[in-house]
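*Asks:* First the structure, then my questions, so here it is.
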Amino acid sequence: MSAMPKQPSAKLQKLHQFYHQLKDRFHSSHGHARDWLTERSLDVGELRTNSQQLLAATSLAGMMALGKPVDLNQLQPPQSQEKKAENQQLAELTAEEFQAIMEKMRQVVQMPPGQLPKEEELYLEQQLTDILGFEVAAELEGNRLNHTFGVMGGEQHLRRFPSDTLAQHDAYQEAGMAPNRGAFGWFTENGELTSKAIEREKYYFAVQTLYLPDWNTRHPELKPWYKFRKMIVINPADQVAVVGVVGDAGPALWVNKQYGGSPEVIREGKIWSKAARGKVILLFVNDPEDTIPLGPIELHSLAGYDN
């Protein structure tokens with residue numbers, strides 16, 4: 001059964017009525033303005049279809065309502081040079097803001113591993129969300145890691161299914177393969193090695209779930225929540241990020257590293273470049289519909305210029 005059409009509100013009906021009255025009054029009282037619009041292929045009823053026409057309509061309606069004569073010169077669209085200057089100014093502000101957040105993150109990762117004060121954390125989340133175009137957060141659904149920023153070490157490939165071999169992994173085979181499966185199980189879906197399963201193993205993170213303060217009491221709830229949970233590692237020194245999933249637990253405390261990354265994450269994210277030296281920020285990606293692809297992101301490209 002089809003839904004009944006929604007009836008316009010009383011206020012909207014009055015606006016429509018006023019609009020038609022104003023349009024009739026315009027055609028009968030302002031023939032010269034009507035001719036001016038006709039010469040430019042404009043129609044009073046369609047002036048709202050773009051911003052320049054809207055400006056013209058606003059000026060025209062305002063003068064008519066006040067009973068003032070219409071000065072057609074005032075209805076001319078703004079000059080293209082002025083618009084170009086405005087766009088250039090906006091681009092410069094965007095670049096300035098981008099550099100500011102990059103510098104902020106470079107300062108953050110130089111601090112001892114840990115978490116930011118709440119106000120600074122919210123600032124970082126909002127700025128990165130604006131840059132990336134999708135939501136990132138240090139805390140998601142009431143869960144957070146012990147460290148928002150720290151050092152990421154390199155991990156081996158993980159076995160995606162029981163008979164998986166290193167030769168079946170298509171890149172960075174020199175990293176080797178761990179003898180056991182990851183802490184969150186096989187990567188296959190219903191026993192099948194799907195393209196999603198391959199991508200998850202390629203871009204996986206190891207996180208220290210075992211050291212969470214409530215891991216022992218909430219283990220049955222937390223383990224499935226963290227399994228293949230989408231996250232993003234930010235390397236501010238090289239302005240590179242990698243979207244991946246939680247695929248393993250670790251590293252151990254004595255390693256003095258807070259996270260681990262797959263061979264693809266480490267290399268494509270330039271995690272151990274001379275500038276980065278493993279110091280990164282790791283945040284959750286809020287992607288309930290699973291629309292954000294896994295893999296590397298060049299942050300400076302998102303800002304529209306090269307660093």
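The values are calculated or read from the model by the stated rules, or taken from the named source; none is laboratory data. Just so you know, these numbers come straight off a predicted model, no measurement behind them. We place every Cβ from the backbone using ideal geometry, glycine too, and count neighbours over all the protein chains shown. Accessible surface is based on the protein model in full, side chains and every heavy atom, while ligands, DNA and RNA are left aside. Shrake-Rupley method; radii C 1.70, N 1.55, O 1.52, S 1.80 Å.
*Asks:* Within the range 184-208, which residues are among the small types (Gly, Ala, Ser) and without any contact (Cβ under 8 Å) to a residue 40 or more places away in the chain?
*Replies:* Gly191, Ser195, Ala197 - these are the residues of the range 184-208 that are among the small types (Gly, Ala, Ser) and without any contact (Cβ under 8 Å) to a residue 40 or more places away in the chain.
*Asks:* Restricting attention to the range 105-116, does a residue exist that is touching a helix residue (DSSP H, G or I) at 6+ places or on another chain (Cβ under 8 Å), at pLDDT 95 or above and assigned to a helix (DSSP H, G or I)?
*Replies:* yes
*Asks:* So which of Thr165, Thr217, Thr194 ends up being over 24 Å from Asn146 (Cβ atoms), among the β-branched types (Val, Ile, Thr), open to solvent by 10 Å² or more (accessible area, probe 1.4 Å) and out of contact with any strand residue (DSSP E or B) (no Cβ under 8 Å at 6 or more places or on another chain)?
*Replies:* From the options Thr165, Thr217, Thr194, the qualifying one is Thr194.
*Asks:* Just the residues that are at pLDDT 95 or above and not in a strand (DSSP E or B), please, taken from the range 288-307.
*Replies:* Selection gives Pro288, Glu289, Asp290, Thr291, Ile292, Pro293, Leu294.
*Asks:* What residue, among those in the range 111-133 that are exposed (fewer than 15 other Cβ atoms within 10 Å of the Cβ) and closer than 17 Å to Ala241 by Cα, is farthest from the chain's Cα centre (by Cα)? Explain how you work it out, then say what you get.
*Replies:* Here is the first cut: in the range 111-133, the residues exposed (fewer than 15 other Cβ atoms within 10 Å of the Cβ) are 111-112, 114, 117-120, 122-123, 126, 130, 133.
Restricting the remaining residues to those that are closer than 17 Å to Ala241 by Cα gives 126, 130, 133.
Working: Gln126: 10, Asp130: 6, Gly133: 2 Å.
Among those that are exposed (fewer than 15 other Cβ atoms within 10 Å of the Cβ) and closer than 17 Å to Ala241 by Cα, it is Gln126.
*Asks:* Kindly provide the set of residues from the range 176-191 that are open to solvent by 50 Å² or more (accessible area, probe 1.4 Å) and in contact with a Lys or Arg (Cβ under 6 Å, 6 or more places away or on another chain), ordered by number.
*Replies:* Looking only at the range 176-191, we keep the residues that are open to solvent by 50 Å² or more (accessible area, probe 1.4 Å), and these are 179-181, 186, 189-191.
Hit for the range 176-191 is Arg181, nothing else.
*Asks:* For residues in the range 149-162 being in a loop (DSSP other than H, G, I, E, B) and touching a Pro at 6+ places or on another chain (Cβ under 9 Å), which is surrounded by the fewest Cβ atoms within 10 Å (Cβ to Cβ)?
*Replies:* By that ranking, first place goes to Gln156.
*Asks:* If only one of Phe205, Phe228 is of a type in the set (Phe, Trp, Tyr), open to solvent by 10 Å² or more (accessible area, probe 1.4 Å) and in contact with a helix residue (DSSP H, G or I) (Cβ under 9 Å, 6 or more places away or on another chain), which one is it?
*Replies:* Step by step, each of Phe205, Phe228 is checked, and only Phe228 is of a type in the set (Phe, Trp, Tyr), open to solvent by 10 Å² or more (accessible area, probe 1.4 Å) and in contact with a helix residue (DSSP H, G or I) (Cβ under 9 Å, 6 or more places away or on another chain).
*Asks:* Given the residues Val285, Val242, which is the only one that is within 16 Å of the chain's Cα centre (by Cα), open to solvent by less than 30 Å² (accessible area, probe 1.4 Å) and within 17 Å of Gly150 (Cβ to Cβ)?
*Replies:* Val242
*Asks:* Tally time: how many residues in the range 118-148 are assigned to a loop (DSSP other than H, G, I, E, B) and among the hydroxyl-bearing types (Ser, Thr, Tyr)?
*Replies:* 1
*Asks:* Let me ask another. What pairs can you find where one residue is in the range 224-249 and farther than 10 Å from Val285 by Cα and outside any loop (DSSP other than H, G, I, E, B), the other is open to solvent by 10 Å² or more (accessible area, probe 1.4 Å) and of a type outside the set (Asp, Glu), and their Cβ atoms are less than 6 Å apart, with a gap of 6+ or different chains?
*Replies:* So the pair list comes out as Asn235/Lys270; Val240/Lys270; Ala241/Ile297; Val242/Pro296; Val246/Arg229; Asp248/Ala183; Ala249/Ala183; Ala249/Leu210.
*Asks:* Does Leu212 satisfy being within 30 Å of Pro117 (Cβ to Cβ), touching a residue at least 24 places away in the same chain (Cβ under 8 Å) and in contact with a strand residue (DSSP E or B) (Cβ under 6 Å, 6 or more places away or on another chain)?
*Replies:* no
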